[in-house]
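The values are calculated or read from the model by the stated rules, or taken from the named source; none is laboratory data. Owing to the predicted nature of the structure, the values given are computational and were not obtained by experimental measurement. Note: ideal-geometry Cβ built from the backbone for every residue, glycine included; neighbour counts use all protein chains shown.
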Amino acid sequence: MNRLAVELPGLSLKNPIMPASGCFGFGREYAQFYDLSVLGAIMIKATTKEPRFGNSTPRVAETPSGMLNAIGLQNPGLDKVLAEELPWLEQFDVPIIANIAGSTMEEYVEVAETISKAPNVHALELNISCPNVKKGGIAFGTVPEVAAELTRLVKEVSVVPVYVKLSPNVTDIVAMAKAIEQAGADGLTMINTLVGMRIDVKTGRPILANGTGGLSGPAVKPIAIRMIYEVSQAVSIPIIGMGGVQTAEDVLEFFYAGASAVAVGTANFIDPFVCPTIINELPVLLDELGIRHISECTGRSWKTGAHAVHCRS
Amino acid sequence: MIGRERMTVVSQRMIAERTYELTLSGQLVAQMNEPGQFVHIKVAEAADPLLRRPLSLCQIDHKQGQCIIIYRQEGKGTALLTQKQPGDRVDVLGPLGHGFPLDAAPAGGRALLVGGGIGVPPLYELAKQLANRGVNVVSVLGFATKAAVFYEAEFAAFGETYIATDDGSYGMAGRVTDVIEQQGLSFDVLYACGPKPMLKALAERFRGRPVYLSLEERMGCGVGACFACVCHVPGSETAYKKVCSDGPVFRAGEVVL
């Protein structure tokens with residue numbers, strides 16, 4: 001028995017660990033460090049219809065145990081992703097989750113329809129939570145009715161399951177999650193970054209050229225855990241959790257909160273080997289805790305009696 | 001090959017105002033060859049500060065298995081780095097990026113090395129390797145003030161060396177570009193590292209000549225994945241180069257400064 005294997009809509013994962021979108025490019029950089037086939041899946045960088053340069057630099061600023069970024073969805077555009085990046089990724093035995101973004105609903109739909117047909121794309125991740133672009137992105141992720149409408153339109157055209165990436169920058173994330181579930185989403189991924197800002201003490205001006213940026217890293221982990229804890233109890237579709245994951249212990253915490261798989265983001269920047277390291281450490285941790293299979297852990301923090309049933313020690 | 005290693009601190013000393021020379025040993029040195037490449041250093045085991053610090057290689061010593069990094073204490077991360085003692089371990093990722101092209105300098109030709117402030121260190125390994133190839137090295141090094149000057153004698157060992165300070169407290173008063181004009185310095189190839197205004201001035205003054213510039217930008221990953229350190233390519237709105245993995249050294253005109 002592969003005690004790390006996880007089955008999710010469209011995804012048969014050999015393990016529940018995947019690099020998060022925007023933190024792994026299209027895999028080329030990290031392929032020089034290890035065989036990408038060890039990964040459960042790869043969430044590729046957000047793809048839009050046309051190439052995008054993104055925001056001016058500086059695009060990153062460090063914060064206590066975190067970082068702000070304002071990249072602005074830089075990507076080579078749909079045609080190039082289809083012609084170059086996805087075919088290159090076919091050499092690896094790993095399902096791709098294609099993160100898609102757009103400025104209009106029509107753009108989302110067009111990208112979704114086309115990219116969902118690529119042979120190694122097993123699921124879509126609908127990016128309605130990027131805080132760093134003026135049009136689109138988070139504009140679709142803060143009003144439940146709008147998010148639901150977009151989800152419905154993308155579901156109609158996609159030939160693979162659709163996961164929707166939730167923004168934490170909302171008043172009621174449960175209402176958002178429920179609206180998206182009702183619109184037909186196959187799963188949720190959460191959380192995207194939290195909007196933040198840093199100001200240079202010498203100049204008195206924001207450090208990021210964009211002014212604001214998205215906060216990620218260990219600093220946001222407690223917020224991600226809380227939101228997954230709340231949302232997983234309110235919906236029945238699976239959640240891929242993310243937000244400050246650095247270790248196998250973090251992964252388990254996300255499962256306990258209610259996640260069924262976990263994405264690693266910012267930690268890749270600090271340790272390029274972090275994903276394979278976590279994958280190797282997970283079975284050891286499961287042994288220590290007397291857990292037979294990782295999936296037993298999903299929602300343990302709120303499921304009544306779960307701990308007594310599954311924990312040998 | 002890029003590797004990650006907990007390298008050992010051999011020594012650390014202050015060589016100028018807020019400027020430190022850190023000597024590290026480890027297997028990773030065997031992978032280091034190109035002057036102008038950098039290493040990405042995690043200054044603390046803890047999550048704060050979170051990101052690595054990109055610092056350029058100043059000296060590579062394959063025989064001793066050591067490398068030297070010179071950095072200026074600017075913020076919290078570099079302040080922590082100054083605390084490292086001989087025997088301490090430092091988490092190093094590298095070598096990263098593409099350095100100065102040595103082949104651009106013809107043997108017997110003349111290479112002009114222009115450094116500004118904390119942009120000076122990578123030029124030292126460059127001067128050493130060029131001199132070994134029989135290239136005549138001339139160095140022009142600019143600093144803010146006398147207290148910031150370092151490595152004058154070290155550069156002088158490889159050829160003519162001019163020092164300029166912004167406030168005139170040491171060497172010649174003024175900017176490196178002034179020194180080049182005043183001394184009528186000619187070259188077959190120019191290599192530079194320093195603040196962007198200096199690089200811009202050199203690129204404009206010597207447009208069309210073989211000029212190679214090492215850029216600095218705020219970085220995330222250091223390996224090309226995060227898209228933090230991109231710059232525009234002339235004539236295109238969407239084309240880009242990444243300072244960390246396509247650079248940090250570019251030929252003048254290759255990217256928009």
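Would you be able to say whether some residue in the stretch B:169-184 is crowded, with 18+ Cβ neighbours inside 10 Å, polar (S, T, N, Q) and under 17 Å from the mean Cα position of the chain (by Cα)?
Checked the stretch B:169-184: no residue is crowded, with 18+ Cβ neighbours inside 10 Å, polar (S, T, N, Q) and under 17 Å from the mean Cα position of the chain (by Cα).
Of the residues in the stretch B:231-255, how many are in contact with a helix residue (DSSP H, G or I) (Cβ under 9 Å, 6 or more places away or on another chain) and either acidic (D, E) or within 13 Å of chain A (Cβ to nearest Cβ) (or both)?
1
In this structure, is A:N75 polar (S, T, N, Q), within 14 Å of chain B (Cβ to nearest Cβ) and free of Cβ contacts under 8 Å to residues at least 60 places away in the same chain?
Yes; evaluated as a whole, the condition is true for this residue.
Any idea which residue in the stretch B:38-51 is farthest from the other protein chains (Cβ to nearest Cβ), counting only those that are surrounded by 24 or more Cβ atoms within 10 Å (Cβ to Cβ) and not aromatic (F, W, Y)?
Ranking the qualifying residues of the stretch B:38-51, first place goes to B:V39.
Conditions tested, residue by residue: (1) without any contact (Cβ under 8 Å) to a residue 60 or more places away in the chain; (2) within 20 Å of the chain's Cα centre (by Cα); (3) over 20 Å from A:E181 (Cα atoms).
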{"site": "A:M105", "(1), (2), (3)": "yes, no, no"}
{"site": "A:A112", "(1), (2), (3)": "yes, yes, no"}
{"site": "A:P119", "(1), (2), (3)": "yes, no, yes"}
{"site": "A:A123", "(1), (2), (3)": "no, yes, no"}
{"site": "A:N132", "(1), (2), (3)": "no, yes, yes"}
{"site": "A:T142", "(1), (2), (3)": "yes, yes, no"}
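This table checks each residue for (1) out of contact with any helix residue (DSSP H, G or I) (no Cβ under 8 Å at 6 or more places or on another chain); (2) at pLDDT 95 or above.
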site	(1), (2)
A:L39	no, yes
A:S65	no, yes
A:L73	no, no
A:D79	yes, yes
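Could you check, for the stretch A:53-66, whether at least one of its residues is away from chain B (no Cβ under 12 Å) and surrounded by 21 or more Cβ atoms within 10 Å (Cβ to Cβ)?
No: zero hits.
Which residue out of B:P86, B:P95, B:P35, B:P54 is more than 14 Å from chain A (Cβ to nearest Cβ) and surrounded by 22 or more Cβ atoms within 10 Å (Cβ to Cβ)?
It is B:P35.
Pull up the stretch B:82-116, narrow it to residues that are more than 25 Å from A:E29 (Cβ to Cβ) and aliphatic (A, V, I, L, M), then point me to the one that is modelled with the lowest pLDDT.
Looking at residues that are more than 25 Å from A:E29 (Cβ to Cβ) and aliphatic (A, V, I, L, M), I get B:A107.
Being of a type in the set (D, E, K, R) and not in a loop (DSSP other than H, G, I, E, B) is the filter; apply it to the stretch A:115-162 and report the residue that is nearest to A:G27 (Cα to Cα).
The selected residue is A:E125.
Here's the yes/no breakdown for (1) farther than 19 Å from B:E217 by Cβ; (2) small (G, A, S):
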{"position": "B:G65", "(1), (2)": "yes, yes"}
{"position": "B:I69", "(1), (2)": "no, no"}
{"position": "B:G75", "(1), (2)": "no, yes"}
{"position": "B:A79", "(1), (2)": "yes, yes"}
{"position": "B:K84", "(1), (2)": "yes, no"}
{"position": "B:D88", "(1), (2)": "yes, no"}
{"position": "B:G99", "(1), (2)": "no, yes"}
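Name, by its number, the condition in (1) closer than 18 Å to B:P122 by Cβ; (2) free of Cβ contacts under 8 Å to residues at least 40 places away in the same chain that does not hold for B:A239.
Going through (1) closer than 18 Å to B:P122 by Cβ; (2) free of Cβ contacts under 8 Å to residues at least 40 places away in the same chain one by one, B:A239 breaks only (1).
For residues that are more than 7 Å from chain A (Cβ to nearest Cβ), of a type in the set (D, E, K, R) and assigned to a loop (DSSP other than H, G, I, E, B), tally how many sit in the stretch B:199-230.
Number of matching residues: 3.
Could you say whether any residue in the stretch B:132-148 is assigned to a loop (DSSP other than H, G, I, E, B), buried (at least 21 other Cβ atoms within 10 Å of the Cβ) and of a type outside the set (K, R)?
Yes, the stretch B:132-148 contains a residue that is assigned to a loop (DSSP other than H, G, I, E, B), buried (at least 21 other Cβ atoms within 10 Å of the Cβ) and of a type outside the set (K, R).
So which residues in the stretch A:21-50 are surrounded by fewer than 19 Cβ atoms within 10 Å (Cβ to Cβ), facing another protein chain (nearest Cβ under 9 Å) and in a loop (DSSP other than H, G, I, E, B)?
A:Q32, A:E50
If you take the residues of the stretch B:118-131 that are under 10 Å from the mean Cα position of the chain (by Cα) and of a type outside the set (A, V, I, L, M), which of them is surrounded by the most Cβ atoms within 10 Å (Cβ to Cβ)?
Within the stretch B:118-131, the match that is surrounded by the most Cβ atoms within 10 Å (Cβ to Cβ) is B:P122.
Would you confirm whether any residue within the stretch A:110-131 is within 14 Å of chain B (Cβ to nearest Cβ) and modelled with pLDDT under 95?
Within the stretch A:110-131, one or more residues are within 14 Å of chain B (Cβ to nearest Cβ) and modelled with pLDDT under 95.
Looking at B:E237, B:E216 in this structure, which one is in contact with a strand residue (DSSP E or B) (Cβ under 9 Å, 6 or more places away or on another chain), within 30 Å of A:N69 (Cβ to Cβ) and at pLDDT below 95?
So the residue among B:E237, B:E216 that is in contact with a strand residue (DSSP E or B) (Cβ under 9 Å, 6 or more places away or on another chain), within 30 Å of A:N69 (Cβ to Cβ) and at pLDDT below 95 is B:E216.
Those residues that are touching a residue at least 12 places away in the same chain (Cβ under 8 Å) and on the phi > 0 side of the Ramachandran plot, I need them from the stretch B:160-175; list them, please.
Of everything in the stretch B:160-175, just one residue is touching a residue at least 12 places away in the same chain (Cβ under 8 Å) and on the phi > 0 side of the Ramachandran plot, namely B:G171.
Could you check the stretch A:236-258 and list, in sequence order, the residues that are in a strand (DSSP E or B) and out of contact with any Ser or Thr (no Cβ under 6 Å at 6 or more places or on another chain)?
Within the stretch A:236-258, A:G241, A:M242 meet the criteria.
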